[in-house]
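I have placed the structure first, in the form of C-alpha cells, so that the comments after it can refer back to it.
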Amino acid sequence: MLVETTDLTKRYRGFTALDRCSLAVREGEIFGLLGPNGAGKTTLLRLLLGLIRPTAGAARVAGFECTMESLAVRAHTAYLPGEARLFRRMNGTQTLDFFSRLRPACRRDRAAEVARRLDLDCSRQVARMSTGMRQKLALAVVLATEAPLTILDEPTANLDPTARAEVLALVREARAAGRTVIFSSHVLSEVEETCDRVAIVRSGRLVHEQCIAALRRSHRITARLAGAWDAVPAHLEAHATLVAREEGRVVIESGESLAPLLGWLATLPLDEVQIEPVGLGGVYDRFHKASGWQAGEVTG
C-alpha cells in the first residue's frame, strides 16, 4: 500500500476533526474522498503531509511515517491545497519557471502542456488572473510533478465544465502513468467517473468505502404491483436487498447480475417497473441526508 492510516485522530479543544480513521490506498489507483465541508477531508490530507500533528494514531506514505519523516513524505508527493496561493507579482510563465526550478520533479515542458490544455493565458500576471485561472495555474504545477502520490483537494473548484473535464482526463492520465491520486471533491459525478474507490467521510469519521466498479453493477428496481406478492425468494436473497415496501410498491437493490431477478419479476403482477443504476448519490444518501443537491454537488 502506498498510503496507510491506522486510527488516525485529530482533536482540537472541544472538537474532533478526524476520529480513528483507518484506510489504505493502493499504488496506481485514484482514491476519492467525499463529504461536505467540515467532514474532515482536508484535515486527513494535512495529516498525511505532516503539516499538522495527529492527536493519536499513525499514517505512512511510501513507507515513511507522516509525522517524523514528513520531509520525505512531501518529497514523494505533489499536493494541490484547497486554496492554492501563488506569487501575485509573477505572471503564469514565471510561475511555471519558478516551480520547475524549485522542484526538479516538476517538468517544465509538461507544465506548459497542462496549461495549454486548460486554455490558460500564461502571459497574464497572477494578480490579474481570475480565481479559475489561478486554479488552472496551480494545477499545471501539480499535475506536471512526477511524484508517486498526487493529492488534489477540490481540484475542479471554480472551473468551467470544459476545464473540469480536462482535469479529470489529466487525473486519469496520471493513473495510467503509474501514479497514485487522492482526489477530494464535492462533485459526486466527478468522483464516480474518475475514481477506482471512494471513502465517504462524515463528522470526522470514515463511514463507508465503495469500489466504483462494484457500484456500476448495482441497480435499483422500483415496481408497482397489481396484486399481492411474497418476500424475495430465498435463492435470490444473495442478489437482492429489499429497500422499501409499502402498499402496491416495492423497491429492491441488486448488486449483481440482473438476469435472475428479471426472471422472478416476470412472475409478479406488475403494473409498472423501473430499473436504474444506484449511483454514488444513492450510496452517499445513506450516510448524509442531503441538505442540498445541485447539479450533482454535495454542499455543507
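A few remarks follow.
- Condition check for Arg224: under 23 Å from the mean Cα position of the chain (by Cα), at pLDDT 80 or above and farther than 30 Å from Asp19 by Cα: no
- Selected residue [touching a residue at least 24 places away in the same chain (Cβ under 8 Å), in a strand (DSSP E or B), surrounded by fewer than 16 Cβ atoms within 10 Å (Cβ to Cβ) and not hydrophobic (A, V, I, L, M, F, W, C)] from Arg60, Arg11, Arg89: Arg11
- Among the residues of the range 203-213, those identified as surrounded by fewer than 19 Cβ atoms within 10 Å (Cβ to Cβ) and within 16 Å of the chain's Cα centre (by Cα) are Arg205, Val207, His208, Glu209, Cys211, Ile212, Ala213.
- Tally, over the range 250-273, of residues that are in a strand (DSSP E or B) and of a type in the set (S, T, N, Q): 1
- Residue match in the range 55-78 (condition: closer than 29 Å to Asp121 by Cβ and touching a helix residue (DSSP H, G or I) at 6+ places or on another chain (Cβ under 7 Å)): yes
- Top-ranked residue of the range 214-225 - restricted to ones that are open to solvent by 40 Å² or more (accessible area, probe 1.4 Å) and touching a residue at least 60 places away in the same chain (Cβ under 8 Å), ranked as farthest from His239 (Cα to Cα): Arg216
- Residues of the range 214-249 that are in a loop (DSSP other than H, G, I, E, B) and either closer than 20 Å to Gly281 by Cα or among the aromatic types (Phe, Trp, Tyr) (or both): Arg217, Ser218, Trp229.
- Ala163 under 12 Å from Ala115 (Cβ atoms) and either more than 15 Å from the chain's Cα centre (by Cα) or open to solvent by 10 Å² or more (accessible area, probe 1.4 Å) (or both): yes
- Members of the range 127-155 that are farther than 23 Å from Val3 by Cα and touching a strand residue (DSSP E or B) at 6+ places or on another chain (Cβ under 7 Å): Ala138
- Which listed residue is open to solvent by 40 Å² or more (accessible area, probe 1.4 Å) and hydrophobic (A, V, I, L, M, F, W, C), from Leu47, Leu80, Leu33, Leu51: Leu51
- Filtered residues of the range 171-195 (kept if crowded, with 19+ Cβ neighbours inside 10 Å and part of a helix (DSSP H, G or I)): Val171, Ala174, Leu188, Glu190, Val191, Glu192, Thr194
- The single residue among Asp153, Asp119 that is touching a helix residue (DSSP H, G or I) at 6+ places or on another chain (Cβ under 8 Å), in contact (Cβ under 8 Å) with a residue 40 or more places away in the chain and on the phi > 0 side of the Ramachandran plot turns out to be Asp119.
- Within the range 250-272, the set of residues being open to solvent by less than 70 Å² (accessible area, probe 1.4 Å) and either farther than 29 Å from Ile212 by Cβ or touching a residue at least 60 places away in the same chain (Cβ under 8 Å) (or both) comprises Leu268, Pro269, Leu270.
- Lone unmet requirement of (1) surrounded by fewer than 16 Cβ atoms within 10 Å (Cβ to Cβ); (2) within 16 Å of the chain's Cα centre (by Cα); (3) small (Gly, Ala, Ser); (4) modelled with pLDDT under 95 for Ala24: (4)
The values are calculated or read from the model by the stated rules, or taken from the named source; none is laboratory data. Predicted model only: the values in this text are computed from it and were never measured. All Cβ positions, glycine included, derive from the backbone under ideal geometry; neighbour counts span all protein chains shown. What goes into the accessible areas is simple: the full protein's heavy atoms, side chains included, and nothing from ligands, DNA or RNA. Shrake-Rupley method; radii C 1.70, N 1.55, O 1.52, S 1.80 Å.
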